[in-house]
Amino acid sequence: MPVTPSPGRGWGNGRRPGQGLNPQKRGNVAQTSPHQVGEEVIGVDLAGSPRKITGLCYLEQDLWVEVSRAYSDDEILSFIKGHETKVIAIDAPLSLPRSGGLRRCDEELRRVGIRVLPPVLGGMKRLTERAIRLRGILEYMGYEVIEVFPTGACKILGLPSKRMGIDALRDALIAYGIRGMPDDVDQHVLDAVICALVGLYYLRGEYMVFGDKVEGMIVMPRPRSLEGRPS
């Protein structure tokens, strides 16, 4: 019977021997990474309010996951501090535009067919403010924090979109190589898994960046296994 954890508690604990990252699909150009192979990453599908669910995922290099749900910033930080990792990949805007409604990274993603919402409107502004605050705390603690966008990452990696349903995305992630996934996941948890997967590609140097350091950057996966394939 599936077990639903209390906020801040996880499933899928424990390390397993693995075969390493072996994705089925891949991108075009790889960046050079300063990180060492063997590091792990945490993905955060951040909610705009502590009254709503934030999905969390700790992803090992061999694609074993531990996932959880949280509400408050303290619960999020407790999950992060309970794992060995240096990189946190967050699905939320980590900066505000210098002017207007969109940042350069948002505009660049839109130009390649990946639609993002303006970080200054309504609930997105509350999400952005929370993400900026959390980023400051995490960077003060010594973590590297990157902004990711699971919806766009799914498009690049060939994973099902949200409209195809939770089961389709869960099954596709398992087929992709993710292991230790519980049965009773929701969209928040699945988005956190995708955040962590993008973070893992970042650690491997298989990524591309949209935007700039001044206004903000979004990291997208660019797996080498997709190089040379027609778009």
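Which residues, taken from the range 107-123, are out of contact with any Ser or Thr (no Cβ under 9 Å at 6 or more places or on another chain) and not in a helix (DSSP H, G or I)?
First, pick out the residues of the range 107-123 that are out of contact with any Ser or Thr (no Cβ under 9 Å at 6 or more places or on another chain): 107-113, 117-118, 121-122.
Hits for the range 107-123 are VAL112, GLY113, LEU117, PRO118, LEU121.
Among the residues of the range 147-169, the ones that are crowded, with 21+ Cβ neighbours inside 10 Å and without any contact (Cβ under 8 Å) to a residue 24 or more places away in the chain come to 1 in all.
Are there helices (runs of 4 or more DSSP H) fully within the range 124-231 with at least 2 residues that are within 25 Å of LEU96 (Cβ to Cβ) and at pLDDT 95 or above? List them.
In the range 124-231, the matching helices (runs of 4 or more DSSP H) lie at 150-157, 187-203.
Figure legend. Inter-residue proximity from the range 205-225: first residues among the charged types (D, E, K, R), second residues modelled with pLDDT of 95 or more and assigned to a strand (DSSP E or B), beta-carbon distance below 9 Å, spacing 6+ or different chains. Indicated pairs: GLU206/PRO221; ARG222/TYR207; ARG222/MET208. Residues that are without any contact (Cβ under 8 Å) to a residue 40 or more places away in the chain, under 16 Å from PRO221 (Cα atoms) and surrounded by 16 or more Cβ atoms within 10 Å (Cβ to Cβ) are absent from the range 132-146 altogether.
Just for the range 207-216: of the residues that are crowded, with 18+ Cβ neighbours inside 10 Å and either of a type in the set (S, T, N, Q) or touching a Leu at 6+ places or on another chain (Cβ under 9 Å) (or both), which one is nearest to ILE178 (Cα to Cα)? Filtering first and then ranking leaves PHE210. Quick one: in the range 64-87, which of the residues that are closer than 18 Å to ARG133 by Cα and of a type in the set (A, V, I, L, M, F, W, C) is surrounded by the fewest Cβ atoms within 10 Å (Cβ to Cβ)? Ranking the qualifying residues of the range 64-87, first place goes to LEU77.
When LEU134 is tested against (1) aliphatic (A, V, I, L, M); (2) in contact with an Asp or Glu (Cβ under 7 Å, 6 or more places away or on another chain); (3) more than 24 Å from PHE210 (Cα to Cα), exactly one condition is not met: (3).
The values are calculated or read from the model by the stated rules, or taken from the named source; none is laboratory data. These numbers come from a predicted model, not from an experiment. Note: ideal-geometry Cβ built from the backbone for every residue, glycine included; neighbour counts use all protein chains shown.
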